[in-house]
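Undergrad: Starting off with a structure, shown below.
The values are calculated or read from the model by the stated rules, or taken from the named source; none is laboratory data. The structure presented is a predicted model; accordingly, all values stated were derived computationally and were not measured. Positions of Cβ are backbone-derived with ideal geometry, glycine not excepted, and every protein chain shown enters the neighbour counts.
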Amino acid sequence: MQFSGRRKKLIGSSQNDLYDHCLQFYGQPPLENISLTEFETFAVERLKLLKTVENLGVSYVKNSEHYVKKLEAEFSNLNFPLKTELGDRKVQGGTSEYEKRRKDHISHFILRLAYCQTEDLRRWFIQQEMDLFRYRFGDLTSKHKTDFLHKNNLKYETVSAEEKKSLKDKLITSSYGLSGITVEEYDFYKVPFQDALDLVRTRKVYLLAGNAYIPHHEIVTIVLNDFRTRLSKALAMTARSLPTVQSDERLQPLLSHLSHAYVGQDYSIQKNIGKISLEQIDALSGKSFPLCMRHLHKALRENHHLRHGGRMQYGLFLKGIGLTLEQALQFWRSEFVKGKVDADKFDKAYAYSVRHMFGKEGKRTDYTPYSCMKVILSNPPSQGDYHGCPFRHSDPELLKQNLQNYKVSPSGINQILELVKGMHYQLACQKYFELTHNVEDAGFSLNHPNQYFTESQKLLDGGREIKKEVDMSQRSQENPANMTRPSQANSKQAHEEMGDLDSFFQDE
Amino acid sequence: MPTSDYDPACLPDLLPLYYRRLFPFSQYYRWLSYGGVSKNYFQNREFSFTLKDDIYVRYQSFTTQNELEKEMQKMVPYKVDIGAVYSHRPSQHNAVKSGTFQALEKELVFDIDMTDYDDVRRCCSAADICSKCWTLMIIAIRILDRALREDFGFHHLLWVYSGRRGVHCWVCDDAARKLSVAARSAVAEYLSLVKGGEETLRKVVLSDPIHPFINHSLSVVERYFQQYAIVEQDILCSKESVDKVLSLPIPVKFHNSLCQFWYHIKKYWKYLSCSHNIKKGGQYFDKEIMLQYCYPRLDVNVSKGVNHLLKSPFSVHPKTGRISVPIDLKELNTFDPFEVPTISLICEELERPRADEAEEDDVKDKENEQEAGERRRIRDYKRTSLAKYVKVFDRFLEAMARSWKGEMLKKSGELETSFSVFLTFMSFTYT
């Protein structure tokens with residue numbers, strides 16, 4: 001064993017040390033030369049992996065059985081490192097563990113270049129990399145976890161036995177699954193609460209005098225925080241050195257294609273400006289609005305008011321379906337004036353925020369309508385709010401009542417409630433689409449309220465037959481058997497992959 | 001009635017008097033300078049003013065206490081908000097290269113607003129409050145104050161009455177001011193138990209194990225619940241309100257008995273709270289009900305943003321005329337929001353002549369104008385009902401000053417500090 005180890009060291013040089021753990025913090029950029037084709041291939045594959053991570057994160061509970069199984073499958077497909085031992089025999093015709101780790105390392109850094117440019121891209125990249133890291137860290141054995149911590153200089157103070165004893169009851173009741181025995185046996189770490197925000201936010205940890213008392217097995221959350229901070233800083237630094245990279249003609253087209261592929265349809269460029277008249281909105285809300293917007297519209301009509309969260313979600317949606325700024329101002333003013341707000345106050349207080357939404361004030365950012373993911377995951381509604389996703393945020397009983405009022409069939413309602421129970425909120429909304437439009441299959445994968453509207457309008461305007469055909473062909477393209485595997489890549493094949501990548505994303 | 005009748009139309013006359021003679025500028029400046037430990041802390045702080053006719057101006061900043069006074073006396077703001085400490089002087093933010101002007105630090109703040117409890121208050125709604133629902137604020141302050149001090153280790157908390165329908169908390173510790181957006185949002189979520197909008201009936205969900213924080217909070221709520229909910233809010237008084245209580249998941253086997261005897265429920269409640277059967281049935285439904293009716297509801301968005309602007313202490317509330325005064329937690333149980341002085345009251349108190357002042361005036365006139373102005377102002381507010389609230393503020397500042405001393409010691413070397421600390425300390429004492 002030792003002999004072969006030494007031999008490896010002679011051949012592989014210090015790179016071996018770099019890859020002696022299957023997981024890393026990506027602290028050091030790769031220093032070797034790689035070919036352009038490897039550059040493209042690695043980037044594309046990691047992007048596919050991250051996209052999978054994103055999709056699975058919405059459809060399944062993170063780190064549940066389904067999630068893990070599917071993610072593991074994708075890891076194998078794309079040849080990313082799974083096993084923890086480096087000394088695996090090279091599988092016939094496949095890639096060695098070492099090569100997988102190298103790919104992991106290099107592809108991460110390439111994607112940093114593509115995703116450091118804007119706030120949105122950075123946020124997306126960090127989120128997926130964190131989810132990926134969380135999954136991989138969770139997969140490690142206890143020993144490997146400790147190894148990783150030591151390798152990366154994360155030494156947190158352990159809590160003394162006496163202190164543990166005096167706090168025993170509190171420690172037991174603050175974390176799930178702890179008993180008196182485990183508290184005595186396990187190591188607990190005392191970490192400043194600012195380093196354990198995820199645990200603090202969900203109240204899964206005991207807090208005293210500003211310190212969080214973390215049991216050994218929860219250390220992943222702390223590590224993740226560290227990971228996020230490091231990555232965030234690194235991306236900011238990368239952004240600054242980007243101009244040099246972008247000036248390289250070989251890299252520039254690839255990098256911009258990568259970041260563009262993620263964005264997809266954000267409904268920020270209005271295609272149907274001015275095609276909707278204000279009189280149509282009431283009717284449209286029943287026919288073509290997703291449930292969240294239908295609720296918001298109804299609440300606005302009834303109360304002649306919406307709070308900030310509701311104004312943003314609904315206002316941006318209306319912008320996305322084609323309302324002009326003038327129409328929007330008229331719409332909001334006419335409704336608010338019926339309530340407690342007089343025209344003057346509206347012009348002073350609320351008109352500003354409408355103009356702000358259209359990018360005419362302040363930073364002059366043209367805000368994009370919220371995607372389903374954003375509506376579901378951020379800014380949950382509280383007392384007096386009507387925004388959010390009704391499938392996610394409403395009481396099931398109330399949701400049922402609302403659906404009954406909207407004349408959805410009882411069996412349909414049950415199907416929806418089943419999906420809600422399984423936390424498939426977007427699928428539930430899709431089902432709502434199917435039931436209200438009387439089709440068996442929505443024919444699209446819902447991830448944006450404006451997409452719901454567009455698809456609904458398409459359907460109601462006729463063109464249903466054409467749509468079905470298009471979907472059939474797109475679905476066959478999605479079949480993995482048709483995708484080219486990146487084996488001995490040459491540039492032609494890499495470009496073909498790019499084409500596949502496009503359609504891969506368009507199917508969303 | 002301790003409050004003179006307040007009429008918003010008088011504000012244009014009262015405010016200049018207030019800012020000239022009553023607003024505690026030196027304490028205010030002392031607070032926001034935080035002992036001069038960080039350079040330019042006061043100069044880079046954003047203020048926003050709401051002027052007459054609802055004109056709103058942001059990015060106001062001042063270089064000295066004197067400039068702050070002069071500007072406020074000139075502009076006579078109806079409302080004053082405090083924002084963040086920025087990387088540059090807010091008044092010059094347009095001159096700064098775009099992207100580099102950033103909010104760096106701010107106190108961690110909480111805003112408890114009575115309208116957020118409308119679904120569980122029967123006595124009032126919207127902007128109204130009364131002595132019955134004020135108990136909710138007492139509960140909120142007790143729970144949050146304990147948690148911020150004991151769980152999070154903060155020491156310097158300033159609780160302020162907003163002037164109409166709520167309270168604010170300013171956490172002024174150094175560590176608090178440096179918190180990131182994510183950290184602030186995590187703290188706010190840790191402190192949140194009541195979740196859900198119009199469409200959610202069961203807003204509090206408890207499951208095993210119950211976190212020590214929830215247990216602490218429950219013990220506060222339980223102390224007040226009997227008096228507040230059963231007696232004052234009378235949540236079991238009518239079939240309608242019982243139905244509302246019942247819409248929360250109580251185990252079915254109790255439904256019928258409760259419905260039938262809804263007018264006897266007050267007696268039943270005692271049985272419910274004592275009976276051990278209930279704990280097994282719906283797990284913690286009794287605790288959930290108590291929390292849903294009483295636990296503090298905070299707006300996470302207010303606490304999250306580093307650049308969020310919040311109403312300043314000692315600001316006037318234009319609709320009620322009441323001054324946003326600090327609350328003395330030692331006297332919390334006897335704090336009465338209707339006893340808080342209005343601007344018309346304290347201006348009136350100011351006008352009342354006092355014989356023994358004539359002598360002092362002669363002596364002090366010889367000093368320079370600013371000091372004389374300050375002394376006069378200090379004499380002035382001491383004559384009014386504002387005095388005791390400024391004292392609360394003073395005590396808060398003194399406690400913080402001790403920590404600034406520690407910071408200064410750390411920053412400068414050991415030998416130099418004895419003299420500089422002495423000087424710093426001396427400059428903060430006054431009559």
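Undergrad: Filter region A:434-455 down to the residues that are surrounded by fewer than 22 Cβ atoms within 10 Å (Cβ to Cβ), in contact with a Ser or Thr (Cβ under 7 Å, 6 or more places away or on another chain) and under 17 Å from residue A:375 (Cβ atoms) and list them by number.
TA: The one that is surrounded by fewer than 22 Cβ atoms within 10 Å (Cβ to Cβ), in contact with a Ser or Thr (Cβ under 7 Å, 6 or more places away or on another chain) and under 17 Å from residue A:375 (Cβ atoms): A:447.
Undergrad: Is region A:160-169 home to any residue that is surrounded by fewer than 18 Cβ atoms within 10 Å (Cβ to Cβ), touching a residue at least 24 places away in the same chain (Cβ under 8 Å) and polar (S, T, N, Q)?
TA: no
Undergrad: Then there is this: Taking region B:117-165 as the region of interest, how many residues are out of contact with any helix residue (DSSP H, G or I) (no Cβ under 8 Å at 6 or more places or on another chain), under 14 Å from residue B:295 (Cβ atoms) and crowded, with 21+ Cβ neighbours inside 10 Å?
TA: So the count comes out to 2.
Undergrad: Turning to a different aspect of this structure: Only one of these conditions is not met by residue A:194: (1) under 22 Å from residue A:164 (Cα atoms); (2) of a type in the set (S, T, N, Q); (3) in contact with a helix residue (DSSP H, G or I) (Cβ under 6 Å, 6 or more places away or on another chain); (4) more than 10 Å from chain B (Cβ to nearest Cβ). Which number is it?
TA: (4)
One line per residue, one yes/no per condition, for (1) modelled with pLDDT of 80 or more; (2) part of a loop (DSSP other than H, G, I, E, B); (3) of a type in the set (Val, Ile, Thr):
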residue: A:55; (1), (2), (3): no, no, no
residue: A:67; (1), (2), (3): no, no, no
residue: A:74; (1), (2), (3): no, no, no
residue: A:101; (1), (2), (3): yes, no, no
residue: A:106; (1), (2), (3): yes, no, yes
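Undergrad: With the condition kept exactly as written, say whether any residue in region A:127-149 is within 14 Å of chain B (Cβ to nearest Cβ) and either at pLDDT 80 or above or within 26 Å of residue A:72 (Cβ to Cβ) (or both).
TA: Taking every residue of region A:127-149 in turn, at least one turns out to be within 14 Å of chain B (Cβ to nearest Cβ) and either at pLDDT 80 or above or within 26 Å of residue A:72 (Cβ to Cβ) (or both).
Undergrad: In region B:84-113, what residues are in a loop (DSSP other than H, G, I, E, B) and loosely packed, with under 14 Cβ neighbours inside 10 Å? Break it down into steps so the answer makes sense when it comes.
TA: Let us first name the residues in region B:84-113 that are in a loop (DSSP other than H, G, I, E, B), namely B:87-89, B:96-102, B:106-107.
The answer is B:97, B:98, B:99, B:100, B:102.
Undergrad: Can you tell me which residue within region B:188-202, out of those that are assigned to a helix (DSSP H, G or I) and in contact (Cβ under 8 Å) with a residue 60 or more places away in the chain, is farthest from the other protein chains (Cβ to nearest Cβ)?
TA: So the residue we want is B:188.
Undergrad: Still on this model: Among the listed residues A:162, A:157, which satisfies the condition of being of a type outside the set (A, V, I, L, M), modelled with pLDDT under 90 and in contact with a strand residue (DSSP E or B) (Cβ under 6 Å, 6 or more places away or on another chain)?
TA: Numbers: A:162 fails: in contact with a strand residue (DSSP E or B) (Cβ under 6 Å, 6 or more places away or on another chain).
Being of a type outside the set (A, V, I, L, M), modelled with pLDDT under 90 and in contact with a strand residue (DSSP E or B) (Cβ under 6 Å, 6 or more places away or on another chain) holds for just one of A:162, A:157, which is A:157.
Undergrad: Only one of B:145, B:116 is under 19 Å from the mean Cα position of the chain (by Cα), in a helix (DSSP H, G or I) and at pLDDT 95 or above. Can you tell me which? Explain how you work it out, then say what you get.
TA: Values: B:116 fails: at pLDDT 95 or above.
So the residue among B:145, B:116 that is under 19 Å from the mean Cα position of the chain (by Cα), in a helix (DSSP H, G or I) and at pLDDT 95 or above is B:145.
Undergrad: Quick check on my filter: what residues within region A:177-189 are within 13 Å of chain B (Cβ to nearest Cβ) and either modelled with pLDDT of 85 or more or touching a Pro at 6+ places or on another chain (Cβ under 7 Å) (or both)?
TA: Result: A:178, single match.
Undergrad: Among the helices (runs of 4 or more DSSP H) confined wholly to region B:332-431, which include 2 or more residues that are closer than 30 Å to residue B:318 by Cα, modelled with pLDDT of 85 or more and not assigned by the TED database to the domain that holds residue B:138?
TA: Per the criteria, B:343-351, B:369-382, B:387-411.
Undergrad: Taking residue B:212 and the conditions (1) touching a Pro at 6+ places or on another chain (Cβ under 7 Å); (2) free of Cβ contacts under 8 Å to residues at least 24 places away in the same chain, which numbered condition does it fall short on, given that it satisfies the others?
TA: Among (1) touching a Pro at 6+ places or on another chain (Cβ under 7 Å); (2) free of Cβ contacts under 8 Å to residues at least 24 places away in the same chain, the lone unmet condition for residue B:212 is (1).
Undergrad: Filter region A:357-373 for residues that are surrounded by 15 or more Cβ atoms within 10 Å (Cβ to Cβ) and either under 23 Å from residue A:433 (Cβ atoms) or in contact with a Lys or Arg (Cβ under 9 Å, 6 or more places away or on another chain) (or both) and give the result.
TA: Matches in region A:357-373: A:357, A:358, A:367, A:368, A:369, A:370, A:371, A:372, A:373.
Undergrad: (1) crowded, with 17+ Cβ neighbours inside 10 Å; (2) within 26 Å of residue B:299 (Cα to Cα); (3) of a type outside the set (Ser, Thr, Tyr): which one isn't true of residue B:65, the others all being true?
TA: Only one criterion is unmet by residue B:65, namely (2).
Undergrad: Here's a follow-up. So which residues in region B:14-62 are of a type in the set (Asp, Glu) and either buried (at least 16 other Cβ atoms within 10 Å of the Cβ) or within 21 Å of residue B:387 (Cα to Cα) (or both)? Step through it out loud before you land on a result.
TA: Going residue by residue through region B:14-62, those that are of a type in the set (Asp, Glu) are B:46, B:53-54.
The one that is of a type in the set (Asp, Glu) and either buried (at least 16 other Cβ atoms within 10 Å of the Cβ) or within 21 Å of residue B:387 (Cα to Cα) (or both): B:46.
Undergrad: Would you mind stating whether residue A:172 is without any contact (Cβ under 8 Å) to a residue 24 or more places away in the chain, more than 27 Å from residue A:20 (Cβ to Cβ) and touching a Ser or Thr at 6+ places or on another chain (Cβ under 7 Å)?
TA: yes
Undergrad: Which members of region B:166-179 meet the condition of being assigned to a loop (DSSP other than H, G, I, E, B), buried (at least 20 other Cβ atoms within 10 Å of the Cβ) and within 14 Å of chain A (Cβ to nearest Cβ)?
TA: Passing the criteria: B:173, B:179.
Undergrad: In addition: From the list B:160, B:205, which one is within 12 Å of another protein chain (Cβ to nearest Cβ) and not acidic (Asp, Glu)?
TA: B:205
Undergrad: Looking at B:185, B:219, which one is among the hydroxyl-bearing types (Ser, Thr, Tyr) and facing chain A (nearest Cβ under 10 Å)?
TA: B:185 is the lone residue from the list that is among the hydroxyl-bearing types (Ser, Thr, Tyr) and facing chain A (nearest Cβ under 10 Å).
Undergrad: Please tell me if residue A:360 is at pLDDT below 85, outside the structural domain of residue A:120 (by the TED database) and under 32 Å from the mean Cα position of the chain (by Cα).
TA: So residue A:360 fits the description; yes.
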